Amino acid sequence: MIKETIFKGEKAILMESEELRVVILPEIGGKLCSIYDKNKEFEVLFQNKKDYYKKAQLNSNFGEFDASGFDDCFPTIDESKVMVSGKEVIYPDHGEVWSSRLKYNILEDAALLNMHSEILPYNYSKKVSVQGKEVELHYEIENTGRDKFPIIWAMHCLVNCEEDMTINFPEDTKTIENVHESKALGKVGEIYTYPIDTVISGKKFDFRKINSAKPNNTEKYYVAHKTRTGRCSMHYPSKDVTFEIVYDIEKLPYVGFWVTEGGFRGDYNCALEPTNGYYDSIDMAVRREMCHYLKPGEKFNFDIKLIIK
């Protein structure tokens, strides 16, 4: 079942199967704001703590808004200045899509959302469908201009944390790079062995676990290499739920991880972030030759499947 509805005062698309209820906000960047398991009575996505959504504009600061649910970060995560067609273009904080109003069409079995960029010559579209316990997303990003430009697409899907949860990185993960100044992991650029290594305090750090919300802490790190397995997940033992992300490894070969253990506005959430860039800023990814250049006329297509077990 698919229909239009209102969610916290915003136009929304409600998609339901017998097992799942999914809500999308077209005018809040096409955000997936809820993935609810009816049988387990469990909300996967971290929720907006207010009863309304503050609408962002182009170049807004992401941290001043709700920071909830599943946003698409494109064409960057960190704000960057890029030369395109001989002109300097500002790639906004967390990209352009999250702050955009997407047009949409509701089909019999899917929702189609799309936008045309204000800063670069590209069309952005995604198709969302819900079948059983799966949410399927198909993306297409087309360069409609005459010159290539660098892009990062990252899955910014904030999920609820539980103290007993387990984070499962792709099975061929070997090393982790810290990309965020950290009390536990130290300076940016520190490399650790996955899944467990000794950190700067001399203690063992298990990258599959998180802390409670009490440490007032945040962490951000990446798998320090391309992976060959497009599959990662979060397991919630106390809820008997696994949230699995299956994605196109040829297009999204890198994986980041963000967690706020009370360190950002008191929030308690985390995100596994499949991406095509390494890491966060276009400047960094270009220097490392670890991002994609979207060529004139090229369509960058990929699929993501979210499975609730």
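Just so it is clear, none of the values below were taken in a lab; they were calculated from the coordinates. Keep in mind that what you see is a predicted model, and the values were worked out from it rather than measured. Note: ideal-geometry Cβ built from the backbone for every residue, glycine included; neighbour counts use all protein chains shown.
Observations
- Positive end of the dipole of the chain (Cβ unit charges, origin at the Cα centre): among ALA12, TYR293, HIS235, the Cα lying farthest that way belongs to TYR293.
- For LYS295, the lysines whose Cα comes closer than 29 Å to its Cα, not counting residues fewer than 8 places off in the same chain, are LYS31, LYS81, LYS87, LYS103, LYS126, LYS127, LYS148, LYS226, LYS251, LYS305.
- Structure-derived mean projected area of the Cα convex hull in nm²: which label, when the choices are [x] 17.9; [y] 14.9; [z] 34.9: [y]
- For the pair the range 42-97 and the range 249-309, the centres of their Cα atoms are 13 angstrom apart.
- Expected 222 nm ellipticity per residue - DSSP helices of 4 or more, -39500 (n - 2.57), all of the chain, to 500: -500 deg cm²/dmol
- The range 74-159 - percent relative contact order, Cα under 8 Å, separation 6 or more: 25 percent
- Check: the chain dipole with +1 on Lys, Arg Cβ and -1 on Asp, Glu Cβ, in debye: 320 debye
- Full extension of the segment from SER17 to LYS203, taken as 0.36 nm per residue of separation minus the current Cα-Cα distance, would add 62.4 nm.
- In this structure, ILE307 and ASP109 have a Cβ-Cβ separation that, at R0 = 25 Å, corresponds to a calculated FRET efficiency of about 0.90.
- Between LYS3 and HIS116, the modelled label-to-label distance comes to 3.4 nm, taking each label 7 Å out from Cα in the direction of the beta carbon.
- Kirkwood radius and radius of gyration were both taken over the C-alpha atoms of the range 203-309, and their ratio Rg/Rh is 1.02.
- Relative contact order, percent, the chain [alpha-carbon distance under 8 Å, six or more residues apart]: 17 percent
- With Cα atoms defining each centre, the range 1-32 and the range 164-201 are spaced 35 Å apart in the structure.
- Segment LYS54..ASP164, full-extension length gain: 36.4 nm, with 0.36 nm per residue of separation and the alpha-carbon distance subtracted.
- Stretching ASN123 away from ALA184 to a fully extended chain increases their span by 17.9 nm, per 0.36 nm per residue minus the current alpha-carbon distance.
- Near-label residues of the range 122-138 by backbone N, under 19 Å of a point 7 Å along Cα→Cβ of ASP240: 133-134
- DSSP-loop GluC sites (Glu not before Pro) across the range 209-274, with at most 10 other Cβ within 10 angstrom: GLU250
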